[in-house]
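As structure tokens, the structure follows; a few thoughts come after it.
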Amino acid sequence: MRGLFVTATDTGVGKTVLSAALLAAMAAAGERVRAYKPVVTGLEDDEEIAARGSWPADHELLAAMAGMAPEEVSPLRFGPAVSPHLAAQLAGVRIDPGQLLAAASAGEPDRMLVAEGVGGLLVPLADDYTVCDLAVALGLPLLIAARPGLGTINHALLTVRVARAAGLDVRAVVLTPWPTDPSPMERSNRETISRLGEVPVQTLSQVPAPKPAELARAGAKLPWRAWLDPSRAAAQRGTS
């Protein structure tokens with residue numbers, strides 16, 4: 001299985017925009033892509049809907065970039081804006097980790113997979129199965145989306161530490177949305193995360209609209225080809 005797993009330091013930090021930008025950039029470069037996000041919640045929550053504005057729900061955005069049906073991207077979809085394990089409990093269903101893995105592996109195996117987690121690595125998908133467990137089972141290189149502003153150093157370094165403790169290959173932290181004119185604090189955050197975490201830190205600029213061309217333009221600035229190549233990723237870490 002070829003691809004990348006995108007996680008985040010928290011919910012609402014740009015993880016889906018990063019995933020969509022990668023899909024759009026890969027597709028624009030001629031790659032055949034597919035997207036997978038095991039669970040989507042908050043589809044009937046008024047605050048979540050208002051916060052999205054003109055942007056579609058996560059699974060709909062990813063589906064549009066990958067040329068898939070939204071229900072293929074996210075097999076489990078819930079209305080309340082709560083963690084997946086609680087959303088399932090409220091709906092009277094049980095999330096089966098085996099089914100999540102099977103859904104991730106479904107489809108054409110030669111397509112590049114961008115798998116996106118739900119919230120951060122330690123969010124429970126089921127009572128005893130976290131996003132981190134799913135990422136380990138899939139065995140894909142990991143990207144961590146994080147805010148550029150105050151608090152991001154702690155959140156990013158904690159996520160890097162948890163990921164590495166689980167044996168995940170952290171290819172980069174991606175700060176998003178990265179402003180056109182970053183403040184001294186934002187510049188310092190980027191340098192500090194890279195230095196203390198011994199991890200490459202990239203940036204993804206603000207994407208103005210959920211259009212393939214806009215997302216592809218932003219994603220093309222990321223070194224996704226290097227992230228997919230273990231030898232190039234190791235060299236990148238050595239120069240970070």
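The values are calculated or read from the model by the stated rules, or taken from the named source; none is laboratory data. Every value quoted in this text rests on a predicted model; they were computed, and no experiment measured them. Cβ coordinates were reconstructed from backbone atoms using ideal geometry, including for glycine residues, and neighbour counts include every protein chain displayed.
Among residues of the stretch 82-97 that are within 17 Å of residue 134 (Cβ to Cβ) and in contact (Cβ under 8 Å) with a residue 12 or more places away in the chain, those with a beta-carbon under 9 Å from a residue that is of a type in the set (S, T, N, Q) and not in a helix (DSSP H, G or I) at least six positions away or on a different chain give the pairs 83/41; 84/41; 87/41.
Looking at 156, 145, 172, just one residue is touching a strand residue (DSSP E or B) at 6+ places or on another chain (Cβ under 7 Å), in a helix (DSSP H, G or I), buried (at least 22 other Cβ atoms within 10 Å of the Cβ) and touching a residue at least 40 places away in the same chain (Cβ under 8 Å), and that residue is 156.
Matching residues to (1) of a type in the set (A, V, I, L, M, F, W, C); (2) surrounded by fewer than 22 Cβ atoms within 10 Å (Cβ to Cβ); (3) in a helix (DSSP H, G or I):
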| residue | (1), (2), (3) |
| --- | --- |
| 51 | yes, yes, yes |
| 64 | yes, yes, yes |
| 82 | yes, yes, no |
| 85 | no, yes, yes |
| 93 | yes, yes, no |
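Summed over the stretch 147-180, residues that are polar (S, T, N, Q) and more than 26 Å from residue 215 (Cα to Cα) total 1. Restricting attention to the stretch 108-132, the residues that are surrounded by 15 or more Cβ atoms within 10 Å (Cβ to Cβ) and part of a loop (DSSP other than H, G, I, E, B) total 3.
Against the condition assigned to a loop (DSSP other than H, G, I, E, B), surrounded by fewer than 22 Cβ atoms within 10 Å (Cβ to Cβ) and in contact (Cβ under 8 Å) with a residue 24 or more places away in the chain, how does residue 136 come out, does it pass?
Details: assigned to a loop (DSSP other than H, G, I, E, B): no; surrounded by fewer than 22 Cβ atoms within 10 Å (Cβ to Cβ): yes; in contact (Cβ under 8 Å) with a residue 24 or more places away in the chain: yes.
Judged against the criteria, residue 136 is not a match.
Here the helices (runs of 4 or more DSSP H) wholly within the stretch 182-240 that include at least 1 residues being at pLDDT below 95 and exposed (fewer than 15 other Cβ atoms within 10 Å of the Cβ) are 230-239.
Tell me which residues, restricted to the stretch 49-81, are among the aliphatic types (A, V, I, L, M) and in contact (Cβ under 8 Å) with a residue 60 or more places away in the chain. Of everything in the stretch 49-81, those that are among the aliphatic types (A, V, I, L, M) and in contact (Cβ under 8 Å) with a residue 60 or more places away in the chain turn out to be 61, 64, 65. When the stretch 95-107 is filtered for residues that are outside any loop (DSSP other than H, G, I, E, B), of a type outside the set (A, V, I, L, M, F, W, C) and either buried (at least 21 other Cβ atoms within 10 Å of the Cβ) or in contact with a strand residue (DSSP E or B) (Cβ under 6 Å, 6 or more places away or on another chain) (or both), only 97 remains.
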